1. Convert 37 °C to kelvin, take the viscosity as 0.692 mPa s, use the Kirkwood radius over C-alpha pairs of segment 2-175 as Rh, and evaluate the Stokes-Einstein diffusion coefficient in µm²/s, rounded to a whole number.
2. As a quick test, which of the pairs Lys33/Lys147; Lys77/Lys157; Lys41/Lys147 have an alpha carbon distance above 31 angstrom in this structure?
3. Please list, in order, the residues from segment 99-119 whose amide nitrogen is less than 19 Å from a point placed 7 Å along the Cα→Cβ vector of Val161.
4. Full extension from His113 to Val21: what is 0.36 nm times the residue separation minus their Cα-Cα distance, to one decimal in nm?
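Any read-out appearing in this document is the output of simple, stated calculations on the displayed coordinates, not a laboratory observation. Computed from a predicted structure; not experimentally measured. Neighbour counts are summed over all protein chains in view; Cβ atoms, including those assigned to glycine, are modelled from backbone coordinates with ideal geometry.
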Amino acid sequence: MTISWLRFEWDLKKLPAAEIVIPPSYVLRAVEKDDEAVIQKVTASAFSMDTGWGDTQKIIVERMRVNTGLAFEKDGKGGCVVLQHGSRIIGSSVLRFDQEADNHLTTGPCILHEYRSRGLGSLLLQASLLALREAGLTRAFGMAPEKTAAARFIYPKFGGVATPVVTDLESASKQAA
């Protein structure tokens, strides 16, 4: 199966130094070991509610399950930014801190469906890019099929520049890792 992907690139040196504005009653924080099961559920839910993935959804959800596990490895190459509303985790973004990675936003910003369209995905993207810059990266990459909400509304923000990539589903899901 062939799918059209966009590979977004951000020059982290040009990322504005703007402070992240977190709405009242929300908390942005780093992931904790006890968060893994909840982050897995948030990620799976976010992907299952995005119709832009179409027939690829089952394969991608499994790939994102593996990618989410990377945030909990002790190699120091992965991490995760978590967004809470009160005490409930409602969003996450799993990251790879390896400069040579093909995709630093391994899951991209994932927001539970009932919290979408409030600017929270953009907030998570901004926090993710800043975390990558703070880890010493100068460029960051993210992948998304062109018809997804991430590709259309989130990834173009903060100077994200898209390059089309047409590939088969299996190769693309491995690149998303």
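1. So the translational diffusion coefficient is about 206 µm²/s.
2. Lys33/Lys147
3. 100-105
4. Difference between extended and current length: 31.0 nm.
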